[in-house]
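Trainee: Handing you this structure, nothing more for now.
Every read-out reported here was derived from the displayed coordinates using simple, explicitly stated rules and does not represent laboratory data. Nothing here was measured: the structure is a model prediction, and the numbers come from that model. Cβ placement follows ideal geometry from the backbone for every residue including glycine, while neighbour counts extend to all protein chains displayed.
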Amino acid sequence: MKERQGRSYWLDYLRGFITILVVAHHSSLAYTTFASFNPQAYNASTHPIVDAVRSKGLDIFEDFNDVFFMSLMFLISGIFVAPSLARKGRRQFIRDRFRRLFIPFLIAVTFIMPIGYLASWRLAHGNYDLHDFIVDYIKIEHWPAGPPWFIGILFIFNCLVMPVWLPRLNRLNQRINKLSEKPWQFFGLAYLTTLVLFLPFVLIFGGSAWFGIGPIAFQLSRIVLYFGYFYIGMAIGASGPGSSTPQTTTAQTPTGAAQANPMQTPADATQASPMQTLTGVTQANLMQTPTGAAQASPMQTPTGAAQANPMQTPADTTQASPMQTPADTTQASPMQILTGAHQSGPLPNTLLSETSAVMRLWPVWVIGCIVAYTALKLAGGPIQNLEDHGLINETQARLLYRPIWSLSCAASCIAFITLFRRLFHRSFKFWESLSANAYGIYLVHYVFVLWIQYLLIPVSLSAVPKFFAAFLGSLALSWLFTALVRKIAVVSKYL
C-alpha cells in the first residue's frame, strides 16, 4: 500500500492502539488475583464482574496499563485544542465540544452503560427485575459512568482551559520545543512534572479513591495529573503561529491577494467531523498549501481532511500548488478527535518532529519503559512487606513507591509516542479501520466485556483463555457494532 504524503499515521494508530489497550484492560479485571465482588453494591467491587479463576500474569498486564495509558490519552487529546480554540473562538468552541463530547457522554451513561451493568445486577441478585435494577442503579450504585467517565472529564477540561490557560501556551510550547534536542533534560522534566502533579494528591487521597457527582466521576489522586498532561498536550500542539496565538499581519499569495488571518480559515474550509472536537484537530499548520483544500500533514489521520491554515487563502484566490491535494480529501474519522490524528502535524524542529533528538532515541525510551516498570514491580513487594510488618507507615510506603510509579508513567508515555512515531509512516488497512471506529469502540465495548465475562463464569476454563475470549470477543463485537451504526446518518454525525 502506498504511503500518502503528509499523513501522520503514527499518531492516529497510537490512539487506536490505546483503545485496544482499554478493551484489554477491562477484559482482564475479572481475572486478577486482587479482584473482589460486592453483591450489595457491585459498583464498589474491583470490577463489575469477577470470576473465580485468577492469573498473576494478568495482574502485571493490568497494572502496567493502569500506570500510564489514561495519562497518555489525556496528553494526546490536548494536542490540538489550542488551534481549534484560536480559530473558532470561545462560543463556537464550547458549542462544538458540547455537541461532540457531552452529548455522546450523556447518551452513553444513560442508555448504553446500564445494559452492561445489568450483567452485574444479574450476578449479584440472580434476576432481571428491571425496576429493582434501576432503583439500585441510581440509589446504591450512584449512576456509574463506566469508561465514558473519560469523555465527561475531557469535556470539563476543554471548558476549563478556554478562558484561563490559552495565553500561556506559547511560552510553554517554546520551552518544550527547545528540549526536543536535549532528550535527557526533556525526560528529567517529564518525570519531575509527573511526580509533582501526582505525589501530593496520592499522599492525601490514596491510590484508589474516586469522587463522583452522578455520572461525572474521577480518581482523586490522578485528576490533577490528567489535567496537567492534557494541558501539556495543548502546549505541544501550539507550535507555530498557525496553531497558537493570533497574528496581526497578513501574508500575500503568489498573485498578490491578501491571505487569511492566522486565526481565520476560508469560508469554504472543511468542517470538523463529529468526533474532531475532542482535541480541536481541524486546524492545519504552516506546512499546508495555499488552497482551500489543504494538504494532509504528518500529523493527519488516514481519513482526516485538513483545514485551511494561517497562510491559506480562499480557494478562489489562488491556483493549486505542486504540493496541493484534491479538494475532496476525505473527512476525519469518528475517533480522530480523541488524538487529533487527522490534524496537520508538527512543524520542523518541534518535539514531535521525526528528526528531533527525543524521537530518534526511541529504542532508549522503550528499554527505559521496561526497566522502569520492572523496577516498580521489584520495589512493590518489599515496600508492602515493610508496611505490613509495621516498619514504615502508609505515608512512608507511598513516598517510596509512588516516585517509581511516576517514573514508569513518564517513561511509558514517551516510549509509546516515540515507538509509534518510528514504526508507522504509511497506511495499513487494519489500523485504518480501527482508527475510524475507535471512538465507538471506546463508548460501547464495556457492555460486551461485562456480558461475555458473565457468560464465561460457568465455563470450565482457566483465567487466561477466558481473558482472551472476553477481550477478542468484545473488541470484535464493539468494532462491528460501531461500523454498522456509523452507516446511520444521524449516528455518523457523532461517531
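Trainee: Among the residues of segment 44-85, how many are out of contact with any helix residue (DSSP H, G or I) (no Cβ under 7 Å at 6 or more places or on another chain), of a type in the set (Gly, Ala, Ser) and not in a helix (DSSP H, G or I)?
Mentor: Qualifying residue count, segment 44-85: 2.
Trainee: Sort out which residues of segment 138-152 are of a type in the set (D, E, K, R) and touching a residue at least 40 places away in the same chain (Cβ under 8 Å), and write them in order of number.
Mentor: Within segment 138-152, Glu141 is the sole residue that qualifies.
Trainee: Only one of (1) more than 25 Å from Gly207 (Cβ to Cβ); (2) surrounded by fewer than 17 Cβ atoms within 10 Å (Cβ to Cβ); (3) of a type in the set (Phe, Trp, Tyr) fails for Phe34. Which number is that?
Mentor: All conditions are met except number (1).
Trainee: Could you list all residues from segment 144-164 that are touching a Phe, Trp or Tyr at 6+ places or on another chain (Cβ under 6 Å) and within 17 Å of Phe98 (Cβ to Cβ)?
Mentor: Pro148, Ile151, Gly152, Ile153, Phe155, Phe157
Trainee: May I pose another question? Here is a list of conditions, (1) part of a helix (DSSP H, G or I); (2) surrounded by 14 or more Cβ atoms within 10 Å (Cβ to Cβ), and Ile134 meets all of them except one; can you say which number that is?
Mentor: Every listed condition holds for Ile134 apart from (2).
Trainee: Applying the selection to segment 31-62, what residues are in contact (Cβ under 8 Å) with a residue 24 or more places away in the chain and of a type in the set (D, E, K, R)?
Mentor: Result: Asp51, Arg54, Asp59, Glu62.
Trainee: Hey, can you tell me all the residues within segment 383-394 that are surrounded by 11 or more Cβ atoms within 10 Å (Cβ to Cβ) and within 33 Å of the chain's Cα centre (by Cα)?
Mentor: Ile383, Gln384
Trainee: Quick check on this structure: which one of Phe416, Phe430, Phe420 is farther than 30 Å from Ser221 by Cα, not hydroxyl-bearing (Ser, Thr, Tyr) and not in a loop (DSSP other than H, G, I, E, B)?
Mentor: Selected residue: Phe430, the only one of Phe416, Phe430, Phe420 that is farther than 30 Å from Ser221 by Cα, not hydroxyl-bearing (Ser, Thr, Tyr) and not in a loop (DSSP other than H, G, I, E, B).
Trainee: Among the residues of segment 392-432 satisfying the criterion of being among the polar types (S, T, N, Q) and touching a residue at least 60 places away in the same chain (Cβ under 8 Å), which is farthest from Gly381 (Cα to Cα)?
Mentor: Among those that are among the polar types (S, T, N, Q) and touching a residue at least 60 places away in the same chain (Cβ under 8 Å), it is Ser427.
Trainee: Given the conditions (1) under 30 Å from Leu352 (Cβ atoms); (2) in contact with a helix residue (DSSP H, G or I) (Cβ under 6 Å, 6 or more places away or on another chain), report the number of the one that Arg398 does not fulfil.
Mentor: (1)
Trainee: Is it the case that Arg97 is of a type in the set (D, E, K, R) and closer than 21 Å to Tyr229 by Cα?
Mentor: When the stated conditions are applied, Arg97 passes them.
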